[in-house]
1. Per residue of the chain, what 222 nm ellipticity follows from adding -39500 (n - 2.57) for every DSSP H run with n ≥ 4, rounded to the nearest 500?
2. Could you give the radius of gyration (one decimal) and Dmax (whole number) of the Cα atoms in the chain, in Å?
3. How tilted is helix 67-82 with respect to the longest principal axis of the chain? Cα atoms for both, answer in degrees (0 to 90, nearest 10).
4. Working from Cα positions, state the angle (0 to 90°, nearest 10) between the long axis of helix 49-62 and the longest principal axis of the chain.
5. Assuming 0.36 nm per residue, please report the length gained on full extension of the stretch GLN42 to ASN57 beyond their Cα-Cα distance.
6. Under a point spin-label approximation (7 Å from Cα along Cα-to-Cβ), what is the LYS68-TYR31 distance to one decimal in nm?
7. In percent, how large is the relative contact order of the chain, given Cα pairs closer than 8 Å and 6 or more residues apart?
8. Do the alpha carbons of any pairs in LYS5/LYS35; LYS35/LYS68; LYS11/LYS69; LYS2/LYS80 sit beyond 19 Å of each other, and which pairs?
Amino acid sequence: MKDLKNVFNQKVDQINSYQDPIPPDTLLRLYALYKRATNNTQEPGSKKPIINAFKLNALLQLGRISSKKAMKEYIREVDKLIGG
C-alpha cells in the first residue's frame, strides 16, 4: 500500500503541474477520485453553486469505492491523460 500511495502522490504532483488544458469531465473525475482516495469527506466548497453541483455529482457517480481502488483509478486516469 505504501508503494501505491507513493505512486498516487507522484501522479497528483504531475497533474498539478500539467500545463495543457484538461477536459472538464476528466477534471471532475480526477477531483472525485482524489477525494475518495484521500478519504476527504468535506463537501465541495466553491462559491458557485453550479460548480458544487457538478463536483457532488462526480462524487456520487463513483459510488462507494475504497480508497485503494480510487488511488488505482486516479493513477490510470492520469496515465491515460499524460502518459505513463
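The numbers here are math on the coordinates, done by the rules we state, and not lab data. Treat the numbers as computed from the prediction; the structure is a model and nothing was measured. Heads up, the Cβs are rebuilt from the backbone with ideal geometry, glycines too, and the neighbour counts pull from every protein chain shown.
1. -23500 deg cm²/dmol
2. 12.6, 37
3. That works out to roughly 80 degrees.
4. Approximately 50 degrees, to the nearest 10.
5. That works out to 4.0 nm of additional length.
6. Each label point lies 7 Å from its Cα, and together they span 2.9 nm.
7. The value is 44 percent.
8. As for pairs spanning more than 19 Å Cα to Cα, those are LYS2/LYS80.
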